[in-house]
Structure formats: C-alpha cells, structure tokens
Amino acid sequence: MSVLIFIDQADGHVKKASYEVLSYGAKVAEQLGTTAEGVVLGAVPADQLSALGKYGVKKIHQVANEALNHFDAQVFTKVIAQVAQAAGSNVVIFSNNVDGKAIAPRLAARLKAGLVPGAVTLPQTTNGFTVKKNVFSGKAFANVTINSDIKIISLNPNSYPVVEGSGSAEVVPFSATVDAPKVKIKSVNKASGEVPLSEAEVVVSGGRGLKGPDNWGLIENLAHVLGAATACSRPVADEHWRPHHEHVGQTGLTIAPNLYIAVGISGAIQHLAGVNRSKVIVVINKDPEAPFFKAADYGIVGDAFDVLPKITEAVKKLKGMA
Ligand SMILES: Cc1cc2nc3c(=O)[nH]c(=O)nc-3n(C[C@H](O)[C@H](O)[C@H](O)COP(=O)(O)OP(=O)(O)OC[C@H]3O[C@@H](n4cnc5c(N)ncnc54)[C@H](O)[C@@H]3O)c2cc1C
C-alpha cells in the first residue's frame, strides 16, 4: 500500500505544480499511515529528483525512456498504470493541470479506480475516503466518497501549500513497456521569451474593453515590466485578437497565479471559473458595476487606456527600469 504522486516535468525540469502535489501527497500518505512515492516519466536529472525528498516523498520511480520526453496522454497512462500496479499503490495523485486532466480519467478507467478531479483540500480518511471538490465553476463544493480499492485524486493548483522539509528521495529506475505513440509530433514551435501561462506567478489579462488587437501593447507592456504572462477572455480569442491558448475560463485554461490583473473584462461566471483560485485579483474596469469587482481583492474604476500606462510607468520606476 502506498500513495503514488505523478511528478510533471517539461524539458527535463520538474514543473512548479509538482511541489504542491508532492506536499499534498505526502500528507495524504501520513494520514493513511503509509509512504509517499513519486513517478516521473522522461529524462530528469537524478539530483533534481532526489532533492524532491524535501517535499516528503521517499522514493521516486523514474521511467527514463527517451520516448517519454514528449507528453502523450495514452502512452503516459499505460506506463503510470504499470508503476502503480508494481508499487501496489492504492492512491494515485495528480495536479489538476493540463497533463493531469488528460491522464487521470484514462488511468481511472484502466485501473477501475474512482476518480475525484479538482480536489481542493486533503481527503477525509477517518471514516471512508471523502474528497472535497469544486463544482458549478467554483460556485459550490461537493464532498465525494470514493469506494473503489484504488482511488485517484487530481488536486486543483494553488489549493495546498508547498511544505518544504529536509531529506532526499531514493530514485529507482523503472523498466516499463512503452507503446509507440499513435500521434507523432512533427515539430514544436515554442514562443520564446514569454512566461508560460499555466506556470506564471503573475498574469495580465485583457478583455473586450481593450477594443481591439492593436491596443494589446498596453497589456504586453505591463506584463513585460512585471515579468508576467498574458491572457485574455474568450471573446477576445474568438475574435482572433489573441491566440486561443491565451483564453482562460470554463472553456479555456484554468490558472491560479499569485496575482491576476484583469483589464476590461466584465467578470462573467464562465471567465471567473478559470481564474477565481488566483491568490490576489486586481480588476481594472471603467464600469463600477462590473461583476468582476465582487471577486476582486483590489479594484480600479477607470479607463484602461489611462490606467495601464500609469501603472506600467510606476512599476518601471519601482524596479529601476525607467
Ligand atoms: C458555455 C460558455 C462558455 C464560456 N466560456 C468562457 C471562458 O472560458 N472564458 C471567458 O472569458 N468567457 C467565456 N464565456 C463568455 C462569457 O460569458 C462572457 O461573455 C465573456 O467572458 C465576456 O468577455 P469580456 O469580459 O472580455 O467582454 P464584455 O462582457 O464585453 O466586457 C467588457 C468589459 O470591459 C469594460 N470596459 C469597456 N471599455 C473599457 C475601458 N476603456 N477601460 C476599462 N474597462 C472597459 C466594460 O465595462 C466591460 O465590463 C463563455 C460563455 C458560455 C455561454
């Protein structure tokens, strides 16, 4: 019996979301009186992995097959299933990020496991196994009891603190059968110099209030001085002012940065569903009645075209960039 935690990596670097999920998994293991183990697929240096022991994981199974350097949900699922079965894991934990959302349901089907996607707190394990999760785009909570032998949880990003202790993890190579992918990646074009939206600590986001794509320099300038990623509301992407991978919300990316600055966005429930777990929300809108102000920690009632250049200049001065 053990708790198995999926360690997400990109280009040989462990993703930030993994620290949180490792801390969470270690606590779940402690609650169950068992140990926390990790699984990582692809080539991540062993010293980087053993250092993850400080988040409470005792052992990390590494499948360092080169074919796993590129994410493929079907291939990853089969490999993780092999590790879970060999390790006798009865709880498997993912981050509810893009990769976790793609793997967790497939793994649940394969292992005949109950799955709760989008957990927001530690499970209650004293009487059964009950997990609290967001429902209705974050408007309510549901407590879901998993009755199957194997239980899978995916944790909403920014729901659990990263807990850093000491210690190192034992890194154990795992030899798995790795299927040839059904989909072949022909090329990967990465935007250079940009902060990836899903990993960003600070996000500056624009809505229809920006009036058109020609005005996006205002959003980009502020994002640049803050070292932030840029995002947008869905109509902005639908109208091709911005690429679709920047669209956040119910039908776009779900993000949970430390700071989300929403500019000229009304705050419809479908938009909030993707950003309402941000630690601090700042809203800039010229309409004092805009619904987004109800979800904001700080609000500026004003015209984006006046406010944005002033904030950008102020941040520049503060950072000595002026
Ligand atoms: C099934 C479904 C799924 C959806 N999924 C998503 C989703 O994932 N993400 C998403 O974003 N939306 C989604 N939507 C759309 C959502 O309901 C809203 O229509 C959308 O979020 C509105 O975008 P917006 O706030 O940019 O535009 P608007 O609603 O047009 O709001 C523009 C805002 O800008 C303000 N403004 C105007 N001029 C200025 C100015 N000069 N300075 C400052 N403020 C100004 C206005 O006061 C207004 O509040 C979905 C809708 C449905 C039905």
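The values are calculated or read from the model by the stated rules, or taken from the named source; none is laboratory data. Keep in mind that this is a model prediction, so the values were computed, not measured. Cβ: placed from backbone, ideal geometry, glycine included. Neighbour counts: every protein chain shown. These area figures cover heavy atoms from the full protein model, side chains too; ligands, DNA and RNA do not enter into them. Shrake-Rupley method; radii C 1.70, N 1.55, O 1.52, S 1.80 Å.
Averaging Cα coordinates gives a centre for region 252-276 and one for region 303-322; these two points are 22 Å apart. Here's how it looks for Ala64: its modeled amide H is under 5 Å from those of Gly42, Phe174, which are all 5 or more places away or on a different chain. Taking amide H atoms as placed 1.01 Å from N in the peptide plane, the amide H of Phe141 lies under 5 Å from those of Val135, each 5 or more residues away in sequence or on another chain. Taking amide hydrogens as placed 1.01 Å from N in the peptide plane, the amide H of Lys59 sits under 5 Å from those of Gly38, Glu170, each at least 5 positions away in sequence or on another chain. Restriction of the GluC sites (Glu not before Pro) in region 208-260 to DSSP coil positions whose beta-carbon has at most 15 other beta-carbons within 10 angstrom yields Glu239.
Each Lys or Arg adds one and each Asp or Glu subtracts one; over the other residues with Cβ under 9 Å from the Cβ of Lys59, this totals -1. On a 0 to 90° scale, report how tilted helix 73-87 is relative to the longest principal axis of the chain, with both axes built from alpha carbons and the result rounded to the nearest 10. On a 0 to 90 degree scale, this one is about 40. Ligands, DNA and RNA left out, the accessible area of the chain computed with a 1.4 Å probe is 52% carbon and sulfur. Counting only protein heavy atoms and a 1.4 Å probe, region 202-319 has 47 square angstrom of accessible area per residue. Return the loop-located trypsin sites (Lys or Arg not before Pro) in region 102-180 (DSSP other than H, G, I, E, B) with at most 12 other Cβ atoms within 10 Å of their own Cβ; answer none if there are none. Taking region 102-180 and a limit of 12 other Cβ atoms within 10 Å, the loop trypsin sites (Lys or Arg not before Pro) found are Lys112, Lys139. On a 0 to 90 degree scale, rounded to 10, what angle separates helix 217-226 from the longest Cα axis of the chain? Orientation of helix 217-226: about 50 degrees from the principal axis. Full-extension gain between Ala140 and Ala180, please, as 0.36 nm times their residue separation minus the C-alpha to C-alpha distance. In short, 10.3 nm is gained. The distance linking region 144-194 with region 91-139 is 13 Å (Cα centroid to Cα centroid, whole angstrom). The residue among Gly274, His13, Asn90 whose Cα reaches farthest toward the positive pole of the charge dipole of the chain, with charges on the beta-carbon of Lys, Arg, Asp and Glu, is Asn90.
Among the trypsin sites (Lys or Arg not before Pro) in region 271-312, those placed in a DSSP loop whose Cβ has at most 12 other Cβ atoms within 10 Å are Lys279. The P(r) of the chain has a tail past 27 Å containing 48 percent of all C-alpha pairs.
Largest GNM mean-square fluctuation across Ala119, Ala273, Ala87, computed for the chain with C-alpha springs under 10 Å, falls on Ala87. Heavy-atom accessible surface of region 75-146, averaged per residue, reaches 43 Å², computed with a 1.4 Å probe. Accessible area ranking (1.4 Å probe, heavy atoms, ligands and nucleic acids excluded), largest first, for Asp99, Asp306: Asp306, Asp99. Expressed in nm to one decimal, what extension gain is obtained for the pair Lys316 and Thr251 from 0.36 nm per residue of sequence separation less their Cα-Cα distance? Between Lys316 and Thr251, full extension yields an extra 20.0 nm. Taken along the Cα-to-beta-carbon direction at a fixed 7 Å, the label points for Asn189 and Lys78 span 3.1 nm.
Please compute the net charge surrounding Val236, taking Lys and Arg as +1 and Asp and Glu as -1 over other residues with Cβ under 11 Å from its Cβ. Net charge in that neighbourhood comes out at +1. Compared with the dominant principal axis of the Cα atoms in the chain, helix 16-32 is inclined by about 40°.
A straight Cα-to-Cα reach below 17 Å connects Lys59 with the lysines Lys27, residues fewer than 8 places away in its own chain not being considered. Ligands, DNA and RNA excluded, the heavy atoms of His240 present near 150 Å² of accessible surface to a 1.4 Å solvent probe. Which shape class, rounded, prolate or oblate, goes with region 202-319 when its Cα gyration tensor gives a ≥ b ≥ c as root eigenvalues, a/c under 1.5 marks rounded, and past that a/b bigger than b/c marks prolate? It is rounded, given that a/c, with a ≥ b ≥ c, falls under 1.5.
The simple spin-label model puts a point 7 Å past each Cα toward its Cβ; for Gln48 and Asp11 those points are separated by 1.0 nm.
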